[in-house]
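All remarks here apply to the structure that follows.
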Amino acid sequence: MVYVGSEVSRLRRVIVQRPGAAHAHMVPDDIEPSSAGYLLFDDLVHVPAAQAEHDQLVAVLGTTAEVLYLDDMIRQTLEREDARRWLIDEVARLEGLSGETIRVLGSLDPVALERALVVGVLGSGDARLMHPLPNLIFTRDLAAVVGGTLVLGNASKRARKRESLLMWTIVEHHPWFAGARISENSRWVRRAGGSFPLTIEGGDVLVISDSLALIGASERTSWSMIINLAHELVVNGFTRVLVVEMPKQRSSMHLDTVFTMVDWDACVLYPPILERGGREECNLIRLRPKGGDLVVEDLDGDLLDALAGEGHPLRMIPCGGGHPLLARREQWTDGANYVALSPGVVVGYARNNRTAAAMAAAGFRVLDTEAFLTELQRDFGGDYDRLETSGRRYAVQIDGPELSRGRGGPRCLTCPIERR
């Protein structure tokens, strides 16, 4: 069942995508911001190292959750003829494919077609039909589950538009999503061809509780989509939505690059953007229902003030440990981007040393992947239920030098579809 009632509730099912051929087919032009084909990565990645880093993440996630691989779900979906036809037609329209290319794609089996759509090549060849999709590893942006509503991403950047089509096809046709409540706004956007300025990506959507959502108005998520979604959420049980007016810049492209929850009462936060008096202090807005409409209210204070005012006071753990220079450096390498397995058990990147030290000072046991898995087995017999009830708090540190080249951390790399 699709349901997320909090950022830190126990993780039960999550979608990931392992780095692979899409990254191996990137070339220097793909990482040049001035290039028309810019694919939003800062550098070419060493694929075997990126895979090893990702495998660490999956090993930790697998201690509590069923881990679903996106490429498997794509192939399973493409076994349906109606799904194949719709997706090929939509991709052809998006990418401007020729009639001959459409015919070739239609003749492929599900495995070969998935490779063509994700890597952009046919078989073992190197000639591009279309650009690869290296950002597909950041599954968080493909969808967001808010309470019992599945909100499909509508990518703002050309490099990620095809990803939105892939995820929509899965949600419409894969048996796992049968019966899921898909956002009516998502349906409307897809019927309109995804070309309207109603963009949203899951990195901007956080679920504080089953009645309070937090959304970033960033360079990737538009105000028009936020307003439409807020109308829908209040119909489905949410009593208010807080909106952070983000700087429109790559370093903080999503809200979760500067704020994530790590326990019921704690968060990791990047002070220059989200703390009162910060160098790039943001405005906070509250949306709440009144008489069948939405009331829009500007809020005084910073994000922590706003959350406390809504009954969710949080202790702030500063990205970079409060050091101004290191905060900027570690925010760039996703120091504020943690994902929770359960309350007080989270995963981040090991490279962000000062943030990890701040986590330790806040009472978290900071361990690498191997040490965490060893301790889980030694102290709890491998039983995550026993770990959760023990009250111990963990900040598991995975390696991330290669994965972070795409500007995404462990939260970005995961799309939770069930938390309980």
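Only the coordinates and a few stated rules stand behind these numbers; no lab work does. Everything numeric here is computed off the predicted structure, so don't read it as measured data. Ideal geometry is used to build each Cβ from the backbone, glycine not excepted, and the neighbour counts take in all protein chains shown.
Points worth noting:
- Note on the chain: GNM, Cα springs under 10 Å; of P318, P19, P33, the largest mean-square fluctuation is that of P33.
- Taking amide H as placed 1.01 Å from N in the peptide plane, R351 has its amide H under 5 Å from the amide H of G400, each at least 5 places away in sequence or on another chain.
- Taking the average, over residues, of other Cβ atoms within 10 Å as the packing measure, peptides 413-419, 262-268, 46-52, 210-216 rank 413-419, 210-216, 262-268, 46-52 from highest down.
- Anisotropy class of the range 174-267 from Cα gyration tensor, a/c 1.5 cut: oblate
- The translational diffusion coefficient of the chain, from Stokes-Einstein at 4 °C and 1.567 mPa s with a Kirkwood hydrodynamic radius over alpha carbon pairs, comes to 60 µm²/s.
- Percent RCO, i.e. relative contact order, over the chain, from Cα pairs under 8 Å lying at least 6 residues apart: 22
- Helical content alone sets the calculated 222 nm signal of the chain at -9500 deg cm²/dmol, taking -39,500 (n - 2.57) per DSSP H segment of four or more residues and averaging over every residue.
- For T257, T139, order by how many other beta-carbon atoms lie within 10 Å, fewest first: T139, T257
- With each label modelled as a point 7 angstrom along the Cα→C-beta vector, the D298-D379 pair spans 4.8 nm.
- Aspartates and glutamates with Cα under 13 Å of K157, excluding same-chain neighbours fewer than 8 positions away: D141, E201, E219
- For the range 86-140, Kirkwood radius (reciprocal of mean inverse C-alpha pair distance, Å): 11.6
- Total charge dipole magnitude, the range 308-361, about the Cα centre, Cβ charges on Lys, Arg, Asp, Glu only, Debye to nearest 20: 200
- Nitroxide proxy distance, nm - points 7 Å out along Cα→Cβ at D29 and R191: 4.0
- Computed Kirkwood radius, in angstrom, where 1/r is averaged over Cα pairs of the range 116-193: 13.6
- DSSP-assigned coil residues among trypsin sites (Lys or Arg not before Pro) in the range 9-99, each with at most 12 further Cβ atoms within 10 Å: none
- For the range 55-72, Karplus couplings with θ = phi - 60° (6.51, -1.76, 1.60), whole Hz, Gly/Pro x: 4, 4, 4, 5, 4, 6, 4, x, 6, 10, 10, 7, 9, 9, 8, 4, 5, 4
- The range 129-146 - phi-based ³J(HN,Hα) in whole Hz, Karplus 6.51/-1.76/1.60, Gly and Pro as x: 7, 7, 5, x, 10, x, 6, 4, 5, 8, 5, 3, 7, 6, 6, 9, 9, 10
- For R13, distant residues with modelled amide H under 5 Å away: E66, I417, E418
- Highest-first arrangement of 369-381, 156-168, 351-363, where packing means the average Cβ count within 10 Å: 156-168, 351-363, 369-381
- Student exercise, the chain dipole from Lys, Arg, Asp, Glu Cβ charges, in Debye to nearest 20: 320
- For D263, the residues whose amide H sits under 5 Å from its own are G344, ignoring neighbours fewer than 5 places away on the same chain, with H placed 1.01 Å from N.
- FRET efficiency, R329 to K248 (Cβ-Cβ, R0 22 Å, nearest 0.05): 0.55
- Given charges at Cβ of Lys, Arg, Asp, Glu: the chain dipole, positive-most of V207, L314, N353: V207
- Separation of the range 359-408 from the range 161-189 is 32 Å, based on Cα centroids.
- Whole-Hz ³J(HN,Hα) from phi, Karplus 6.51 cos²θ - 1.76 cosθ + 1.60, for the range 88-105, glycine and proline x: 4, 4, 5, 5, 4, 5, 5, 8, x, 6, 6, x, 5, 5, 4, 4, 5, 4
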